[in-house]
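Chemist: Take this structure, written in structure tokens, and hold onto it; I'll ask about it next.
The values are calculated or read from the model by the stated rules, or taken from the named source; none is laboratory data. Computed from a predicted structure; not experimentally measured. Virtual Cβ from ideal backbone geometry, glycine too; neighbours counted across all protein chains shown. What goes into the accessible areas is simple: the full protein's heavy atoms, side chains included, and nothing from ligands, DNA or RNA. Shrake-Rupley method; radii C 1.70, N 1.55, O 1.52, S 1.80 Å.
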Amino acid sequence: MKIKEKRHSLQLGVLLILVLLGVAVYMFYMAFQEQIPYWISDYRSKNVQSMYTNFQGLGTDDSDGLTKNPDSENAINEEAEEQVIGEQRPEKNIQKPQNWNGVDWKGLKKMNPDIIGWIRIPDLAVDYAILKGTKDDYYLNHHMDGTENILGSIFASNGTSHSLNDAHTILYGHNMASGRMFGQLSFYTDVDFWKKHPYVYIYTPDRTLTCAIYNVYNCLDNDF
């Protein structure tokens, strides 16, 4: 009788372990499945950045806000190059035209004609193309290369000027807890963080805008 009871307890223990193991495997699988879109988005974003952008060595002309052309000089200023923190050269060499401002617009437009600009905050994760689709919500779940992805892209509403020269321009992007997309912008409520990252750079085929951040606040999509 005692032997049977021991066997029964052992069988229950083994069954419980198998159930717990099954639950753990299922949870791991679900977590893995949930991370796949993030990994794909990161891979595609880095691929686009390395193939179509190179901001190394670019200076800013404070008189008109336009990026200086590094190709118009005999050599890139090595001191200015050393001051660029956290930037890496792209894996693919880009043939720079005379009006180069860090972005291969011809290549980007060929990849996705919905791209109208590029937004970048040095040393932060904000380094993406700006898109404008025929529907305002299209790039909520589409990558800047046009493929479907839940992380979406940085985008402007359909009524926004292609040249991004409206008096009031709103750019939308997901507030990711991981810090991707616009997830790091909430840190601007910290004055020290703002002092380290005081400028947002907006690039278009015609110009480069240096935008000084002077106010930060939370709002809803329907706020005035």
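Chemist: What do you reckon, is residue 153 under 16 Å from the mean Cα position of the chain (by Cα), at pLDDT 90 or above and hydroxyl-bearing (Ser, Thr, Tyr)?
Modeler: yes
Chemist: A further question on this structure: Given (1) in a loop (DSSP other than H, G, I, E, B); (2) out of contact with any strand residue (DSSP E or B) (no Cβ under 8 Å at 6 or more places or on another chain), where does residue 193 come up short, assuming only one miss?
Modeler: That leaves (1) as the condition not met.
Chemist: Kindly check whether there is at least one residue in segment 103-125 that is open to solvent by less than 10 Å² (accessible area, probe 1.4 Å), of a type in the set (Gly, Ala, Ser) and either closer than 13 Å to residue 54 by Cα or at pLDDT below 90 (or both).
Modeler: Looking for residues that are open to solvent by less than 10 Å² (accessible area, probe 1.4 Å), of a type in the set (Gly, Ala, Ser) and either closer than 13 Å to residue 54 by Cα or at pLDDT below 90 (or both), one finds none in segment 103-125, hence no.
Chemist: In segment 181-197, which residue that is out of contact with any Gly (no Cβ under 9 Å at 6 or more places or on another chain) and either in contact (Cβ under 8 Å) with a residue 60 or more places away in the chain or open to solvent by less than 40 Å² (accessible area, probe 1.4 Å) (or both) is nearest to residue 150 (Cα to Cα)?
Modeler: Ranking the qualifying residues of segment 181-197, first place goes to 184.
Chemist: Any idea how many residues of segment 201-220 are touching a strand residue (DSSP E or B) at 6+ places or on another chain (Cβ under 8 Å) and without any contact (Cβ under 8 Å) to a residue 12 or more places away in the chain?
Modeler: Result for segment 201-220: 0.
Chemist: Inspect segment 198-218 for any residue being farther than 20 Å from residue 123 by Cβ and buried (at least 18 other Cβ atoms within 10 Å of the Cβ) and give the result as yes or no.
Modeler: yes
Chemist: Going by the structure shown, is residue 150 closer than 19 Å to residue 47 by Cβ and not in a loop (DSSP other than H, G, I, E, B)?
Modeler: So residue 150 fails the test.
Chemist: Going by what's in this entry, would residue 167 be described as surrounded by fewer than 13 Cβ atoms within 10 Å (Cβ to Cβ), under 15 Å from the mean Cα position of the chain (by Cα) and not hydroxyl-bearing (Ser, Thr, Tyr)?
Modeler: Considered against the rule, which asks whether it is surrounded by fewer than 13 Cβ atoms within 10 Å (Cβ to Cβ), under 15 Å from the mean Cα position of the chain (by Cα) and not hydroxyl-bearing (Ser, Thr, Tyr), residue 167 comes out as no.
Chemist: Only residues in segment 116-143 that are touching a residue at least 12 places away in the same chain (Cβ under 8 Å) and over 17 Å from residue 203 (Cβ atoms) count as the first member; pair them with residues that are open to solvent by less than 40 Å² (accessible area, probe 1.4 Å) and in a strand (DSSP E or B), Cβ under 6 angstrom, at least 6 apart or cross-chain, and list the lot.
Modeler: Cβ pairs passing all conditions: 139/131; 139/155.
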